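**Q** Got a structure for you, written out below as structure tokens; questions coming shortly.
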Amino acid sequence: NAGVTQTPKFQVLKTGQSMTLQCAQDMNHEYMSWYRQDPGMGLRLIHYSVGAGITDQGEVPNGYNVSRSTTEDFPLRLLSAAPSQTSVYFCASSTRLGNQPQHFGDGTRLSIL
Amino acid sequence: DQQVKQNSPSLSVQEGRISILNCDYTNSMFDYFLWYKKYPAEGPTFLISISSIKDKNEDGRFTVFLNKSAKHLSLHIVPSQPGDSAVYFCAASGGAGGTSYGKLTFGQGTILTVHP
């Protein structure tokens, strides 16, 4: 009963490096989302997907790319990391049935030097 | 412009007493509201939700109240227990049909500490 799995749990990058944060869910959920959590600001939506092949931007999409080739996976890519992207990143999934809560992974703590 | 606000960064209560966490929102298109609980180094876990067609929803020790005219919701925990100590986030969605369920707008969070 894995739910939403995020890897890695921790990562340190240098400015300008690229990396991909992985997210996988085993609940056959249609909706998947990426959020970042910064001190005093709650969680903010980066990108989301309503199904395989369909993605859209959230509140803070700049500097991030996503794709959704399968129902299970929703990776988040940083093409050129910047210190402002230091944050804790959470992936979430939910069914498309109305009014069902999102289930969150345990997060990836990312530091960019 | 923060559409969902939790104006109390922290709350401290005694074990056995009531905890009341508050949340205000500005977007009248929100039609579904949730509370999440978060422990350190873990992801948020769903606690309770309420649809805009209701004004109260209860689940065990947790009750959420919604006042649409005031654009205000609150979470009551009775009785509070030390294990309830965590960060509580309120969140809202709505206004864009079915696809809105994949998009949540969160408040800043309130740190609840329950003392034995």
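Bear in mind that the values in this text are calculations on the coordinates, not laboratory data. Computed from a predicted structure; not experimentally measured. Every residue, glycine among them, receives a Cβ derived from its backbone with ideal geometry; neighbour counts consider all protein chains shown.
**Q** Among the listed pairs B:Lys54/B:Lys103; A:Lys9/B:Lys38; B:Lys5/B:Lys103; A:Lys9/B:Lys103; B:Lys38/B:Lys71; A:Lys9/B:Lys5, which have their C-alpha atoms separated by more than 19 angstrom in this model?
**A** B:Lys54/B:Lys103; A:Lys9/B:Lys103; B:Lys38/B:Lys71; A:Lys9/B:Lys5
**Q** What whole-number distance in Å separates the alpha-carbon centres of segment B:55-94 and segment A:48-83?
**A** The distance from the Cα centre of segment B:55-94 to that of segment A:48-83 comes to 31 Å.
**Q** What number comes out for the charge environment of B:Phe89, summing +1 per Lys or Arg and -1 per Asp or Glu over other residues with Cβ under 9 Å away?
**A** Details: positive: B:Lys37, B:Lys38; negative: none.
My count for the surroundings of B:Phe89 gives +2.
**Q** Here's another thing I want to ask about it. Given labels modelled 7 Å from the Cα in the Cβ direction, how far is it in nm from A:Met41 to A:Thr71?
**A** If labels sit at A:Met41 and A:Thr71, their model points lie 3.4 nm apart.
**Q** Which shape class, rounded, prolate or oblate, goes with the protein assembly as shown when its Cα gyration tensor gives a ≥ b ≥ c as root eigenvalues, a/c under 1.5 marks rounded, and past that a/b bigger than b/c marks prolate?
**A** prolate
**Q** Right, something else. I want the local charge near A:Pro39. Using Cβ-Cβ distances under 14 Å, sum +1 for each Lys or Arg and -1 for each Asp or Glu among the other residues.
**A** Values: positive: A:Arg36, A:Arg44, A:Arg109, B:Lys38; negative: A:Asp38.
Result for the neighbourhood of A:Pro39: +3.
**Q** For chain B, what does the alpha-carbon gyration tensor say about shape, rounded, prolate or oblate, given a ≥ b ≥ c as the root eigenvalues, a/c under 1.5 as rounded, and a/b over b/c as prolate?
**A** In terms of gyration-tensor shape, prolate.
**Q** Count the net charge of all other residues whose Cβ sits under 13 Å from the Cβ of A:Leu78, scoring Lys and Arg as +1 and Asp and Glu as -1.
**A** Cβ neighbours under 13 Å give a net charge of +3.
**Q** Quantify how strongly other chains surround peptide A:35-46 by giving the mean number of their Cβ atoms within 10 Å of each of its Cβ atoms.
**A** For this peptide, the per-residue mean of nearby foreign Cβ atoms is 5.
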